[in-house]
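**Q** If you scroll down you'll find the structure; I have some questions about it.
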Amino acid sequence: MKYVKATTLYDGKTVRRNCYVSFRRNILEVTDEKPRDGEMVGEGVVTPGFIDGHSHIGMVRSGEPSSEDESNEHMENLYPLVRAVDSVYMDDSAFAESVESGVLYSTILPGSGNTIGGRACLLRNFKGNIQDAFVKDIGIKMALGYNPRSTTEWKGTRPTTRMGAMALLRETLYRAQKTSNLIKKGKKDLDEVDPLTDIFMDILSGKYKLMVHTHKEDDANLLIGLKNEFGLKVVLNHGVDIHSTEAFRRIAQNDIPIVYGPMDSHPYKVELKHESWRNAEYLLESGAKFCMMSDHPVILQRTIFYTLRHLLRFGLSKEQAISKITSETASILGLEDLGLVEKGKLASLTVWNGDPFSLESFPTKVFGEGEEVYSE
């Protein structure tokens, strides 16, 4: 057994002082009394391992030219058979830099050049090969707005308008609905169904949630309509151009959580003309459920913690802010054993030499599922 002394513990929801966290692969106890047995392996401020809710780390790789970027497959516009994990290289140096900064898990998605880009995954940043790094599939990437209509030179049937993209989605979803109805009536066997339609049937059944690239309020409203029309499970990704409390509140009222960001990036296209760090105030006022993303390499994943300063400015406490890259991310993504420093959860945690909200502070020890994965 190992344990760390937490002079302050941000456990992912609350804050405690002067306690001890004992663990093996999982957390055994969080107590006020020093354990009688075991090895003390660190002392300082303790946080859960951070979880990035949306990134392209390992697909868009450090030190490689843009021509080797593997975030978008160009052969089809609607292609959920693509799996992001199949294009990740774990020797991307960004993984090690993230671990050194306490970011232990990455949600990795295909890019937004396709209306349906493929399957997203959760990876452990601290593992050296893809088999050990892979945790689970998270959902299927979908994109609305400018990006999927800006790729008309790629292969496959390509929309040139937003209405064209919606028509392609509806056509495929209608086909999956009709196929599912025929199977229920015994008029068609599942083995006769092509793989593409089969996955869209799984989307309709709720087996896969859609991780939807959406920046503007208008596209968020299209997403709300599509969700309600087909009964889809969806998570809005980005939303940084949305600039009113009412718009965020409408998203919340339709039970759509948000993976928000990236903050601190340059608004490089027209659909980001209202993007501002100040929009986070509207998000907080709305009461919408949300967590944060880096969209690495749009901002480097290792800097995701620093985006929390905007939430502090608009009234969140430090422990509430940290939840947006720990427990809230775990809740939105369906990660039952991550995001909290509490008994039974995986022992993925970081020991800091001071309060992480101070620019002078840095991680001194990082543990990934009970194993030391970084030491200063």
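**Q** Among the candidates M142, M90, M75, which residue alone is surrounded by 15 or more Cβ atoms within 10 Å (Cβ to Cβ), of a type in the set (A, V, I, L, M) and assigned to a loop (DSSP other than H, G, I, E, B)?
**A** Checking each option against the conditions leaves just M90.
**Q** Within the stretch 340-375, can you find the residues that are farther than 16 Å from D11 by Cβ, in contact (Cβ under 8 Å) with a residue 12 or more places away in the chain and part of a loop (DSSP other than H, G, I, E, B)?
**A** Of everything in the stretch 340-375, those that are farther than 16 Å from D11 by Cβ, in contact (Cβ under 8 Å) with a residue 12 or more places away in the chain and part of a loop (DSSP other than H, G, I, E, B) turn out to be N353, G354, S361, F362, E369, G370.
**Q** Taking the residues in the stretch 223-248 that are among the charged types (D, E, K, R) and surrounded by fewer than 16 Cβ atoms within 10 Å (Cβ to Cβ) as candidates, determine which candidate is nearest to L168 (Cα to Cα).
**A** Narrowing the stretch 223-248 to residues among the charged types (D, E, K, R): 227, 229, 233, 241, 246.
Checking the rest, the ones that are also surrounded by fewer than 16 Cβ atoms within 10 Å (Cβ to Cβ) come to 229, 246.
Working: E229: 15, E246: 29 Å.
Result: E229.
**Q** Sticking with this structure for a sec: Just name the residue that is nearest to S71 (Cα to Cα) out of those in the stretch 264-301 that are more than 14 Å from the chain's Cα centre (by Cα) and charged (D, E, K, R).
**A** K269
**Q** Right, another one. Considering every residue within the stretch 270-286, establish whether at least one is of a type in the set (K, R), out of contact with any strand residue (DSSP E or B) (no Cβ under 9 Å at 6 or more places or on another chain) and surrounded by fewer than 16 Cβ atoms within 10 Å (Cβ to Cβ). Break it down into steps so the answer makes sense when it comes.
**A** Kept after step one, since they are of a type in the set (K, R), are these residues of the stretch 270-286: 273, 278.
Still in the list and also out of contact with any strand residue (DSSP E or B) (no Cβ under 9 Å at 6 or more places or on another chain): 273, 278.
Going one step further and asking which of them are surrounded by fewer than 16 Cβ atoms within 10 Å (Cβ to Cβ), we end up with 273, 278.
So far as the stretch 270-286 goes, yes, one or more of its residues are of a type in the set (K, R), out of contact with any strand residue (DSSP E or B) (no Cβ under 9 Å at 6 or more places or on another chain) and surrounded by fewer than 16 Cβ atoms within 10 Å (Cβ to Cβ).
**Q** Among the residues of the stretch 99-126, which ones are in a loop (DSSP other than H, G, I, E, B) and either free of Cβ contacts under 8 Å to residues at least 40 places away in the same chain or crowded, with 24+ Cβ neighbours inside 10 Å (or both)? Step through it out loud before you land on a result.
**A** Just the residues of the stretch 99-126 that are in a loop (DSSP other than H, G, I, E, B), to begin with: 101-102, 109-115, 125-126.
Of everything in the stretch 99-126, those that are in a loop (DSSP other than H, G, I, E, B) and either free of Cβ contacts under 8 Å to residues at least 40 places away in the same chain or crowded, with 24+ Cβ neighbours inside 10 Å (or both) turn out to be G102, L109, P110, S112, N114, T115, N125, F126.
**Q** May I pose another question? Being surrounded by fewer than 17 Cβ atoms within 10 Å (Cβ to Cβ) and closer than 22 Å to V259 by Cβ is the filter here, so list the residues in the stretch 185-222 that pass it.
**A** If the condition is that a residue be surrounded by fewer than 17 Cβ atoms within 10 Å (Cβ to Cβ) and closer than 22 Å to V259 by Cβ, then D202, G206, K207, D218, N221 are the ones that fit.
**Q** Could we say that S22 is modelled with pLDDT under 95, more than 26 Å from K136 (Cα to Cα) and not in a loop (DSSP other than H, G, I, E, B) here?
**A** no
**Q** Still on this structure, I have one more. Could you identify the single residue in L308, L312 that is part of a helix (DSSP H, G or I), touching a residue at least 12 places away in the same chain (Cβ under 8 Å) and over 19 Å from the mean Cα position of the chain (by Cα)? Steps first, answer last, please.
**A** Working: L308 fails: over 19 Å from the mean Cα position of the chain (by Cα).
It is L312.
**Q** Same structure, new question: Could you tell me how many of the residues in the stretch 223-260 are under 20 Å from G111 (Cα atoms) and part of a helix (DSSP H, G or I)?
**A** Counting residues in the stretch 223-260 that are under 20 Å from G111 (Cα atoms) and part of a helix (DSSP H, G or I) gives 1.
The values are calculated or read from the model by the stated rules, or taken from the named source; none is laboratory data. Owing to the predicted nature of the structure, the values given are computational and were not obtained by experimental measurement. FYI the Cβ positions are ideal-geometry reconstructions off the backbone, even for glycines, and counts take in every protein chain you see.
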